[in-house]
1. Per residue, what accessible area does the chain have, given a 1.4 Å probe and all protein chains present, in Å²?
2. Give me the extension gain from residue 375 to residue 355: residue separation times 0.36 nm, minus the current Cα-Cα distance, reported in nm with one decimal.
3. Just need the relative contact order of the chain here, percent rounded to a whole number, with Cα pairs under 8 Å and 6+ apart.
4. Residues with beta-carbon under 9 Å from that of residue 3, excluding residue 3: net charge, scoring Lys, Arg +1 and Asp, Glu -1?
5. Looking at the chain, send over the antiparallel percent of its DSSP beta bridges, to the nearest 5.
6. Which option, (1) 36, 27, 22; (2) 49, 37, 25; (3) 44, 28, 21, is the value of semi-axes √(5λ) of the Cα gyration tensor in Å that was calculated from these coordinates?
7. Which value in Å is the Kirkwood Rh of the stretch 233-340 over different Cα pairs?
8. Roughly speaking, what is the centre-to-centre gap between the stretch 550-570 and the stretch 66-105 when only Cα atoms are used, to the nearest Å?
Amino acid sequence: MNRTHHNGTLRIEHVGEEVELVGWVSKRRNFGSINFIDLRDRSGLVQLVVNHDEYPIVQELRSEFVISVKGTVRERQDKNPKMLTGDVEIDVLEVTIINKAAQTPMIIADETDALEDTRLKYRYLDLRRPIMQERLMKRARIVREMRNSLEDLGFIDIETPMLTKSTPEGAREYLVPSRVHEGEFYALAQSPQIFKQMLMIGGLERYYQVARCFRDEDLRADRQLDFTQVDIEASFLSQEQFMELVEGVVNNVMVNVLEAPKPAIPHIAFYDALNVYGSDKPDMRFEFFLQDFGRVFRQSEFKVFSDTLSGGGVLKGLVLKGQAEQFTRKTIDKYTDLVKTYGLKGLVVLKVEEAGFNGSAAKFITDNEYQLMVKEYDLEVGDVVFIGSGEWEETCIAIGALRLGLANAFDMVPKDAFAYCWVTDFPMFEMGDEGLVARHHPFTAPKEDHVALLDTDPLGVTAQAYDLVLNGFEIAGGSMRIHNQDLQEKMFSLIGFTDEEIQARFGFFVDAFKYGTPPHGGIAFGLDRYAMALTHSNTIRDVIAFPKNASARCPLTNAPSLATPKQLEDLHLKIVPKTKENV
């Protein structure tokens, strides 16, 4: 094998050159004594022309055989504008079979008939599909561009441990039993959070890392058990300076990887994001905004509305223009079921007709309320009004999910658009089952003028936290960090840690604060999720070479698997079957 060119790079200017190529047989077509073969490598396809009378070995070729060929580049008579190499073909002078292939269990092409579990079981075949290789190569270019940008800004690439101490950071951890220290466990790092802050205490000032992270969470389309972050931390910068620096990295990715213009990245406060978009990760590619219906129904006699408003709740909804004919009872029930999954008890749906509203709740709407609605929301015949009621955040999120569902159903989302935004001014805390919980993590700093509220009104405290959102996905999250020991201990105390628990879990970290901690902050890009958004993939699994499936299993290796008795003995472990008594 003496490859002279990659298959997808051949163009009209190569006509007349003798080439040696290697790759996989993508397709073979017979036309009398002439065989046309599409030969594929990572760079793409090129058409081979082989006379089987001269080279009878070509009759043996099947899809996915690995071959090498020698031949001459010539201009195609029937050019194919859909192929980058469509102006040329190879007049083959020699064919060698390097390796044969069995019948594949899936079609090796951009469009395949295989179910996802089949794709994951035979991932090495799935990775031959050009669309998969394109996604992974684009992901690699994204990483390279981010590295280059951060290096140019003076950031240092430093590795942090994967095996570490169990520290609560918001997600369930994976524990690793120690063979040497009986009964003791490491935790796989959920993120480099504590270590990167200690690097700032160590005076490194600017750190980054392409880091592997592990969280034992339920999976979904944009989440994996083991994933990759581009982790960034810096000292002696304000929140505004740091966010501006991150925007520069994003600009370079868009310009140098996607060949797109620098994006506008507006800032939107958390409360505004929920009020307008129904999400703290708003998809801003389309204009379809939540409406506040509370002011119209202040005096409503409709018990659902009046009870909600008198109890401090809200009426949030949407106006869908001109689609009333599409909403049958079955369609309405589908969207009602959607908002119920987000905690709402139901959904009021009103179709605007010549005679007024039509819908199960229409009889509760007075003529005056109808007229106010028409004026306030510019209603026209054929429009559909959706109204949800309940507690503010829950209702916003439910109607936000409805917004996305309707937008996808009625083609509101531009297919190839990119819309970034910063979401800022998050609440510091939220109420959990057992008291206050940090919205981001317990190392996030409050706004300086809100520190006093920690003692009197912790739920009113705003954090110096910021999320970077792209097309409705949170692609990066960060905050300015607490750098004062007393404030850090107060934070731990507010979320329920005793002094003993603080010392046991975070003693080494809190002790480090005694020795001159600089002001610092950081952010972590979810690299897999960022690559998914930039490649317009439907799932995070399409930009990870070897992902787990939705059941948290690897169909390729069949992990997780049982340990041997010897392995369990070495780790001082015994598997006890679940029973009613020990659950």
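1. 51 Å²
2. In short, 5.6 nm is gained.
3. Relative contact order of the chain: 13 percent.
4. Counting the neighbours of residue 3, the net charge comes to -2.
5. 95 percent
6. After the calculation, the listed value that fits is (2).
7. About 18.2 Å for the stretch 233-340.
8. Result: 43 Å between the Cα centres.
The values are calculated or read from the model by the stated rules, or taken from the named source; none is laboratory data. Keep in mind the model is a prediction, meaning the values are calculated, not measured. Reconstructed Cβ throughout: ideal geometry from the backbone, glycine too, with neighbour counts over all protein chains shown. For accessibility, only protein heavy atoms count, side chains too; no ligands or nucleic acids. Shrake-Rupley method; radii C 1.70, N 1.55, O 1.52, S 1.80 Å.
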